[in-house]
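> There's a structure below that I have some questions on.
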Amino acid sequence: MKIDPLTGLPTRGRLVAAIDEMISGGDDPAVFCVAVEGFDLPDPDTDPDVAKALREVASRLSQLVRSNDVLASAAPGVFALAGTGVEAGDADVVMDRVRGVFALPVEIGAEVFSLSINVGFAPAARGMNGAELVALAETDLLRRSGT
């Protein structure tokens, strides 16, 4: 399994492979993409405070992961949670749970920040593969964040 060294989470490639496995097993997965907003992300490789903040985000999101879910680092500052058994009507409830783990601020160096996030959602459709499902969730994330 490929792991993002910064967050300790599986990489986007592993996420896509896991979603493809869910689909080939007859499941209909859904993907939530979570983007951290509220502060500019300098290079986490050179800024240890940003790296610490991203690890904290990963840790908080890990609280939501069920046994068959996959949480991954999809891109710098973007996380993806894939799982089965989530209907489109349940998406808002899950999004509220995701937002809830960020109710408490995060310490970055000597400063305390309240992080805001945007969340996108995409349920699988017939014939869709893992890469397409992640891309659809990212598109919904962009739509919801207004960019």
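> Expressed as a whole number of Å, what is the distance separating the alpha-carbon centroids of the range 1-22 and the range 101-127?
Comparing the Cα centres of the range 101-127 and the range 1-22, I get a distance of 18 Å.
> Apply the Karplus parameterisation 6.51 cos²θ - 1.76 cosθ + 1.60, with θ equal to phi minus 60°, to every residue of the range 65-70 and state each ³J(HN,Hα) to the nearest whole Hz, in sequence, with x for glycine and proline.
7, 8, 4, 9, 7, 10
> Using the crude model of +1 on Lys and Arg Cβ and -1 on Asp and Glu Cβ, and no other charge, please compute the dipole size for the chain relative to its Cα centre, in debye to 20.
The calculation lands at about 200 debye.
> Provide the packing ranking of 27-33, 81-87, i.e. peptides ordered by the mean count of other C-beta atoms within 10 Å per residue, highest first.
27-33, 81-87
> Within a 10 angstrom radius of the beta carbon, how do Ile19, Ile3, Ile108 rank from fewest other beta carbons to most?
Ile3, Ile108, Ile19
> Take every Cα-Cα pair in the chain and report what % of them are more than 21 Å apart.
The calculated P(r) of the chain puts 40 percent of pairs beyond 21 Å.
> Run the numbers for Glu111 and Ser59: contour at 0.36 nm per residue of separation, minus the present Cα-Cα distance, in nm.
In short, 16.8 nm is gained.
> Still on this model: Counting other C-beta atoms within 10 Å, which of Ser73, Ser116 has the fewest, and how do the rest follow?
Starting with the residue having the fewest Cβ neighbours, the order is Ser116, Ser73.
> Would you mind ranking Lys52, Lys2 by Cβ crowding within 10 Å, fewest neighbours first?
So the residues, fewest neighbours to most, are Lys2, Lys52.
Read-outs throughout are calculated quantities, based only on the coordinates presented, and are distinct from any laboratory measurement. Since we're looking at a predicted model, the values are computed, not measured. As a convention, Cβ positions derive from the backbone with ideal geometry for all residues, glycine included, and neighbour counts pool all protein chains shown.
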